[in-house]
Amino acid sequence: MEKVIKAAVDRGASDLHIKAGDVFRARIDGKLVPLTKQRLTPEQTRAIALRLMTNLEDKARIDQIRDYDCSWGMPGVGRFRVNVLRQRSSFMIVMRVIPFDVPTIATLELPAVLATLAEAERGLVLVTGVSGSGKTSTIAALVSHVNRTLQRHILTLEDPIEYLHRDLKSSVTQREIGVDTESIRAGLSAALRQDPDIVVLGEIRDTEAVDTAVKAAETGHLMICSMLTPDAVSTVARLLALFPAEEQEIARARIAEALHSIVSQRLLPRADGGGRVAAVEVLVATPDVRELLRRQDGMDGLQEAMAADDSGMQTLDQHLLDLARAGTVTPEVALAAATRRGELEAALGAAGSEAKTT
């Protein structure tokens, strides 16, 4: 098992799939590829699950487990977020690769404005995207930037802990749900009494989480959270939808005041075949944006506000155009990911005409 895992990590795998009745598979550059020829038996898969589980009480009840999360480390290779599940009455394991080296804004090739967002004194910073879009790495890069440059207390609530941050200029307190604190609810409530400057929450999933996150931002903390939403506009809509209908008007005003920024991203294959690159949309809560957020009909204006403002904001399509012009992604990949395909196609056509003229 260790040899296969190491080989997968050496090939740049982001996830490993281990399933009874199937071969080892790894997600490499977004594609799920086989690593071995021999199919695993249910007994072998169960033994691997036991090997990855670190809690003795959980190991004792493995045959009662249906869904289980933990983290696991392999010396010299990396750490892994592990999910053990049942399918067809046997075990399957999905392992997300977490490199030992904490990524930076530069190494991830993220927009430089993200450093400014991480340095904010207060407010709600949301990192969004679909599953597997690199949100965890981006949040780790934001924490790393603060840790290396500012003297602050950063408190994270994770399920499970993924990247390990050493205390540098900042003090980083990492709490694992179910191990260091009972639940996200308990951890969030306690966090505000633990003198944090920044609270990092893995994911906002329910009304209570968003309400606590907004309260923390309102009381002078910087909250960095993730959400499973594809872009900035749908993120705002999802935030509002988490509040009851009778609280929508108040929620709109609270979000307009508390929100600092939204970073939405998706991973695209590089044109040279050398891995993937993040296409990023950035919404910053400028006075104009806050006014749009307060209005019931303001959602339609957010795209235009991002495109027109020079405070570091950018739409996904603007970044796709930049990536395609630079040759980082192909025009076909950029167009497939575009929000407004026709407009991007026209811009790429104009860019091509200018290049030919030059």
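The values are calculated or read from the model by the stated rules, or taken from the named source; none is laboratory data. All of these numbers come straight from a predicted model, not from anything done at the bench. Glycine gets a Cβ as well: all are built from the backbone with ideal geometry, and neighbour counts include every protein chain shown. Note: accessible area is taken over every heavy atom of the protein model, side chains too, but ligands, DNA and RNA are not part of it. Shrake-Rupley method; radii C 1.70, N 1.55, O 1.52, S 1.80 Å.
Among the residues of segment 51-72, those that are open to solvent by less than 40 Å² (accessible area, probe 1.4 Å) and either farther than 23 Å from TYR163 by Cα or outside any loop (DSSP other than H, G, I, E, B) (or both) comprise LEU52, ASP58, ILE62, ILE65, TYR68, CYS70, SER71, TRP72. For beta carbons closer than 7 Å, sequence separation of 6+ or different chains, a first residue in segment 224-244 that is without any contact (Cβ under 8 Å) to a residue 40 or more places away in the chain and a second that is part of a loop (DSSP other than H, G, I, E, B), the qualifying pairs are ARG238/THR229; LEU242/ASP206. Kindly indicate which of VAL210, VAL199, VAL143, VAL172 is closer than 22 Å to PHE243 by Cα, surrounded by 14 or more Cβ atoms within 10 Å (Cβ to Cβ) and modelled with pLDDT of 95 or more. Just one listed residue meets the conditions, VAL199. Please count how many residues of segment 294-337 are open to solvent by 30 Å² or more (accessible area, probe 1.4 Å), in a helix (DSSP H, G or I) and either of a type in the set (Ser, Thr, Tyr) or within 17 Å of ASP272 (Cβ to Cβ) (or both). Here the count works out to 5. Counting residues in segment 147-164 that are over 14 Å from the mean Cα position of the chain (by Cα), of a type in the set (S, T, N, Q) and open to solvent by 50 Å² or more (accessible area, probe 1.4 Å) gives one or more. The residues of segment 130-140 that are open to solvent by 10 Å² or more (accessible area, probe 1.4 Å) and either farther than 29 Å from ASN55 by Cα or part of a strand (DSSP E or B) (or both) amount to a single one, VAL130. Name every residue in segment 83-109 that is in contact (Cβ under 8 Å) with a residue 40 or more places away in the chain and not in a loop (DSSP other than H, G, I, E, B), in order of residue number. Matches in segment 83-109: GLN87, SER90, PHE91, MET92, ILE93, VAL94, MET95, ARG96, VAL97, ILE98. Taking segment 1-35 as the range and being part of a loop (DSSP other than H, G, I, E, B) and either touching a residue at least 60 places away in the same chain (Cβ under 8 Å) or surrounded by fewer than 14 Cβ atoms within 10 Å (Cβ to Cβ) (or both) as the test, the residues that pass are ARG11, GLY12, GLY21, ASP29, GLY30. The condition of being under 30 Å from ASP29 (Cβ atoms), among the hydrophobic types (A, V, I, L, M, F, W, C), open to solvent by less than 10 Å² (accessible area, probe 1.4 Å) and touching a helix residue (DSSP H, G or I) at 6+ places or on another chain (Cβ under 7 Å) holds for only one of VAL263, VAL289, that being VAL263.
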